[in-house]
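As structure tokens, the structure follows; a few thoughts come after it.
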Amino acid sequence: MSGAHGADAARAGAPAARARIERRDLLVELGTEELPPKALRSLEDAFAHGLRTRLMQAGLSPGAIESFATPRRLAVLIRRLAARQPDQPIRRRGPPLAASFDAAGAPTRAALGFAQSCGVALDALGRECDPKGTEYLCFDGLKPGAQTVALLPGLVQESLDTMPIPKRMRWGAGEAQFVRPVHWLLMLFGREVVPATVLGVPAGAVSFGHRFMAPGPLRIASPLRYAKALQMRGKVIAVFDARRAAIRTQVEALAAGLGGRAIIGEALLEEVTALVEWPVAIAGQFEPRFLQLPREVLLSTLQEHQRYFAVETAAASLLPWFITISNIDSAEPDLVRAGNERVVRPRLTDAAFFWEQDRRQPLAARRPGLDAITFQTQLGSLGARTERLTALALAIAPRIGADLSASARAAQLAKCDLLTLMVGEFPELQGVMGRHYALADGEAPQLAEAIREHYLPRGAGDALPGAPIGDALALADKLDLLAGIFAIGQKPSGTRDPFGLRRAAIGLLRIVLEHQLELDLVDLIDQAVRLQPLEGIAQRAAPIGAEIYDYVMERLRAQYLERASQNGLSTEMFDAVLAARPVSLLDFDARLRALAGFVARSEGAGLAAANKRIANILKKSEHARPQAVAAERLRESAERALHEQLQAMQRPLSSAVAAGRYEQALQLLAGLGPAVDAFFDHVLVNDPDPALRDNRFALLAQLRAMFCAVADLSRLPG
């Protein structure tokens, strides 16, 4: 059989060969010391995704995938995985025909050596020509697919090595590294143990159940029996979502039995789920006198510090109960309850003491103490920062209808609660306690609320300030943070953002856009930069301000493009508007929406193409151009007509742009289309006469300036 015919037969038989490949289920379980609870879900997803991706890349056609995660294990079950890779067609080119046979037609050593390296006789080789017509010997064959059991150790190791783990650790005398020490490895392919050593641990068919209720080895007969075996014999609910649902059901039922309803935050529920393998809900009590504390103090103590679920009435009043999730089905639940009550009592006692002590001094009396607390080494004290916030709040307040004196007073008090005992113990309550203490001091409710709101939004989806004073103070806080950190050269890089500048920029954008605040962002950034206590800051303000503007706008780009498919926007449209450097975010939004609507119409592409052509011509002209067009040098009728239209359009276009009627402005520009086309059809821009050439460049420059009145249309495709 010739090489070519052999290859055809191999290709024809390939589908049948693939159909005959055996398939089995794969189970991989990594047993560890307790994994970080807040990262457990992401570790589970990363392991499952990484392994599935590598199996697909290896051509092993994985089926349905199921992942598992508990505090002591990560596992992946993959259905119907191919037992080996499919055979791969290969083609090898040998020596040229002229070098393969001598004058008598006898094969040379080169030809015989090539045949031997392919493992076939010389007459089994085929022939092929390159594009130049040179003929070569060639070999067509099949490369046998590798066995899955031979590939799995490397694929599993790669998946673990590439998981997003910020800091890995070593254990024992080995060199293996993982987020936590690894104690066992289960790898079953069907009923067969995969011979492998991963992270220094040999694979087996044994898992381990609950650390206390079923601590012994647990043999797993097959991958599909894994979850049931762990639950029935090992007292472990391995499926994260099933464990999560069980916790929610138990907590809700227990709270209802107490005559209330549980406060189940999703973040707390997720974290508690990651802390237990066999959840058992238990209710505990605390002294009713602690209900006199602010609600946020109680919730912070119970939820943030103890990982308990609080209980409230239908009217949202807290009850003196909490629900904890035990990781053991204890024979003496009363002892577990009493132990948790003993733990929470001193924390609440401390909180009550802090509340009483803090209220002995008015919030305003702490203002001088801020001068002795360093905000940042180069940026001075918290007292200095307070003065900057006050100046910025006073600049913003009249522009958004906020009371000036209340805004200044709120700015002076905003950081004072950082010196209280309560915030020292519960830093997550900064701003919240400032509000409570301000109200206790008799400050106006709206002013007190602004102290709490100036930290908003604290994260994605968080609420925004509810009044203009809160808006003014929150914007001032974020602008000062951005200005200060950029001014000292500590802007975020990669994933590092120790000062939370991304959150500050996104919060600024949300407040301005969602509350429809008409503000000159460029001017406010410039003021914030100039207020920084740094030598020579006035001379550096412009470039630093431009850098901050660009940083904020990149966050805005991400927000728009997340919903690009719904709003019809594109990154080119965003860049076109950004090139105009609008000072107002509302103005930016109006320009962008007008541009999106215009581009969707037929004349949009033509205008973009003309603008791109003009931009390219002007970019290539290296000599200086006159600023004004000399009408007497316009020789051709097409250039005179274009100039006349530009003159006639100047005033209505400027009026439309000044009034923010950007759809109308773009429609006016679209009316120039025929005149622009005629100009390019009949006028030679690069005329040999320098005077005519320069005048035509000036005409195009005037046209381009008008085109850029709304956005730089040359950045659009077209």
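Measuring nothing but how far apart in sequence close Cα pairs (under 8 Å, 6+ apart) lie, relative to its length, the stretch 88-143 scores a relative contact order of 47 percent. Rounded, prolate or oblate: which fits the chain, taking a ≥ b ≥ c as square roots of the Cα gyration tensor eigenvalues, rounded meaning a/c under 1.5, else prolate when a/b beats b/c? Because a/c hits 1.5 or more and a/b fails to exceed b/c, the chain counts as oblate. Distance between Cα centroids, the stretch 452-466 to the stretch 337-353: provide it in whole Å. Going from one Cα centre to the other spans 30 Å. Here each label is just a point 7 Å from Cα along the line to Cβ, and for E266 and R191 those points are 4.4 nm apart. PRE reach from D371 (point 7 Å along Cα→Cβ): which of the stretch 516-535 fall under 18 Å by backbone N? Hits in the stretch 516-535 for D371 at 18 Å: 533.
Of interest is the spacing of the C-alpha centroids, which for the stretch 678-699 and the stretch 144-182 amounts to 67 Å. For trypsin sites (Lys or Arg not before Pro), the sites in the stretch 176-265 that DSSP calls loop and that have at most 16 other Cβ atoms within 10 Å are R191, R211. Less than 5 angstrom separates the built amide H of G204 from those of L185, L186, M187, all sequence-distant by 5 or more or on a different chain. Multiplying the residue separation of D687 and A106 by 0.36 nm and removing their Cα-Cα distance gives an extension gain of 202.1 nm.
Its DSSP H runs of at least 4 residues, each contributing -39,500 (n - 2.57), put the calculated 222 nm mean residue ellipticity of the chain at -16000 deg cm²/dmol, to the nearest 500.
Between Q285, L224, M573, the Cα set farthest toward the positive side of the dipole of the chain (charges on each charged residue's Cβ, about the Cα centre) is that of L224. Residues S67, S602, S584, S207, arranged from fewest to most other Cβ atoms within 10 angstrom of their Cβ, appear as S602, S584, S67, S207. DSSP finds beta bridges in the chain, and of those with both partners inside it, around 95 percent are antiparallel. For K612, the lysines whose Cα comes closer than 23 Å to its Cα, not counting residues fewer than 8 places off in the same chain, are K620. Is the shape of the stretch 73-116 best called rounded, prolate or oblate, per the rule: a/c under 1.5 gives rounded, else a/b larger than b/c gives prolate, else oblate, with a ≥ b ≥ c the square roots of the Cα gyration tensor eigenvalues? Cα axes put the stretch 73-116 in the prolate bin.
Taking 7 Å steps out from each Cα toward its Cβ at D497 and E518 produces label points 3.1 nm apart. Pairs of Cα atoms nearer than 8 Å and 6+ residues apart set the relative contact order; for the chain it is 7 percent.
Computed from point charges on the beta carbon alone (+1 for Lys and Arg, -1 for Asp and Glu), the dipole magnitude for the chain about its Cα centre is near 1760 Debye.
Label sites at K619 and A678, each approximated as a point 7 angstrom past Cα along Cα to Cβ, lie 2.9 nm apart. Ranking G154, A678, L524 by Cα position along the charge dipole of the chain, where only Lys, Arg, Asp and Glu carry charges on their C-beta atoms, puts G154 farthest toward the positive end. Applying the criteria of a DSSP loop state and at most 16 other Cβ atoms within 10 Å to the trypsin sites (Lys or Arg not before Pro) of the stretch 424-498 yields R458.
One chain, two ends: R640 and R581. Fully extended at 0.36 nm per residue, the span grows by 18.1 nm beyond their Cα-Cα distance. For the chain, the membrane-span-like helix rule (DSSP H, alpha carbon extent of at least 18 Å along the helix axis, mean Kyte-Doolittle at least -0.5) picks out 3-19, 40-57, 148-161, 240-257, 382-400, 468-487, 501-514, 537-562, 585-599, 602-620, 637-658, 690-707; this says nothing about an actual membrane.
Segment R563..A256, full-extension length gain: 106.5 nm, with 0.36 nm per residue of separation and the alpha-carbon distance subtracted.
Any read-out appearing in this document is the output of simple, stated calculations on the displayed coordinates, not a laboratory observation. All values reported here derive from a predicted model rather than from experimental measurement. No Cβ is skipped: glycine too gets one built from the backbone with ideal geometry, and neighbour counts run over all protein chains shown.
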